[in-house]
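Report on the structure given below.
The values are calculated or read from the model by the stated rules, or taken from the named source; none is laboratory data. All figures in this text were calculated on a predicted structure; none of them were measured in a lab. Cβ placement follows ideal geometry from the backbone for every residue including glycine, while neighbour counts extend to all protein chains displayed. Just so you know, the surface numbers come from the protein's heavy atoms only, side chains and all, with ligands and any DNA or RNA stripped out. Shrake-Rupley method; radii C 1.70, N 1.55, O 1.52, S 1.80 Å.
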Amino acid sequence: MTVYDKAKYHYDGDFPAELSHDQAYVHIGFFLGWLVDQGLCSNEFLDKYRTDVEAFKARKLLSSQLCRKTGGVLAADMLNDEGNAFAERGYESYLSDYLFFVNHDDAESVYHVPDTWENYEMIREQLDISYEMWREIRQG
């Protein structure tokens, strides 16, 4: 099974000592939340995490909290076919553009981006654009 990212991958090495490990869930959570909002998650994922997904959609649960509840993982079995096709092409691009997307050029690292709905919405808008461009290219 393809694993796109895991929060625990980020705990070692260059993870800032002054930050809570909760910050390792933020960038993954933003992408996972967008996948949920786009309807790109698998039925199995939606069934297993129904209550959490509903709370996220109602904006009562931050995307990083949803990510934590799912084990801090972004993996192929969580996504439907279209979600996986996009993640295979788009996740690395998303990571490389992440700080630009949220207008935090002054952030020391990806881990310093605040976990807010405002930042999620900025990411969502940019991912919407990336997704539409990807769909156009894919359809020829």
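Brief remarks on what is shown
- Of Leu99, Leu35, all but one fail to be at pLDDT below 95 and either open to solvent by less than 60 Å² (accessible area, probe 1.4 Å) or farther than 21 Å from Glu118 by Cα (or both); the exception is Leu99.
- Test: residue in region 86-94 that is assigned to a helix (DSSP H, G or I), at pLDDT below 95 and touching a strand residue (DSSP E or B) at 6+ places or on another chain (Cβ under 7 Å): yes
- Val53 passes every criterion in (1) open to solvent by 20 Å² or more (accessible area, probe 1.4 Å); (2) more than 13 Å from the chain's Cα centre (by Cα); (3) more than 19 Å from Thr2 (Cα to Cα); (4) not aromatic (Phe, Trp, Tyr) apart from (1).
- Across region 4-27, a minimum of one residue is classified as within 21 Å of Leu99 (Cα to Cα), open to solvent by 10 Å² or more (accessible area, probe 1.4 Å) and among the basic types (Lys, Arg).
- Flag for Ser42 being at pLDDT 95 or above and either among the small types (Gly, Ala, Ser) or on the phi > 0 side of the Ramachandran plot (or both): yes
- Ile129 open to solvent by less than 60 Å² (accessible area, probe 1.4 Å), assigned to a helix (DSSP H, G or I) and among the β-branched types (Val, Ile, Thr): no
- Checking each residue in region 1-28 for being in contact (Cβ under 8 Å) with a residue 60 or more places away in the chain, of a type in the set (Val, Ile, Thr) and touching an Asp or Glu at 6+ places or on another chain (Cβ under 8 Å) picks out Thr2, Val26.
- Residue check, Tyr11 aromatic (Phe, Trp, Tyr) and under 15 Å from the mean Cα position of the chain (by Cα): no
- Region 72-83 residues that are among the small types (Gly, Ala, Ser), paired with ones that are open to solvent by 10 Å² or more (accessible area, probe 1.4 Å) and in a helix (DSSP H, G or I) (beta carbon under 7 Å, 6 or more apart): Gly72/Lys8; Gly72/Tyr25; Ala76/Asn84
- Filtering Arg138, Arg59, Arg124 for residues that are more than 13 Å from the chain's Cα centre (by Cα) and not in a loop (DSSP other than H, G, I, E, B) leaves a single hit, Arg138.
- Residue within region 104-115 that is assigned to a helix (DSSP H, G or I) and either under 12 Å from the mean Cα position of the chain (by Cα) or on the phi > 0 side of the Ramachandran plot (or both) present: no
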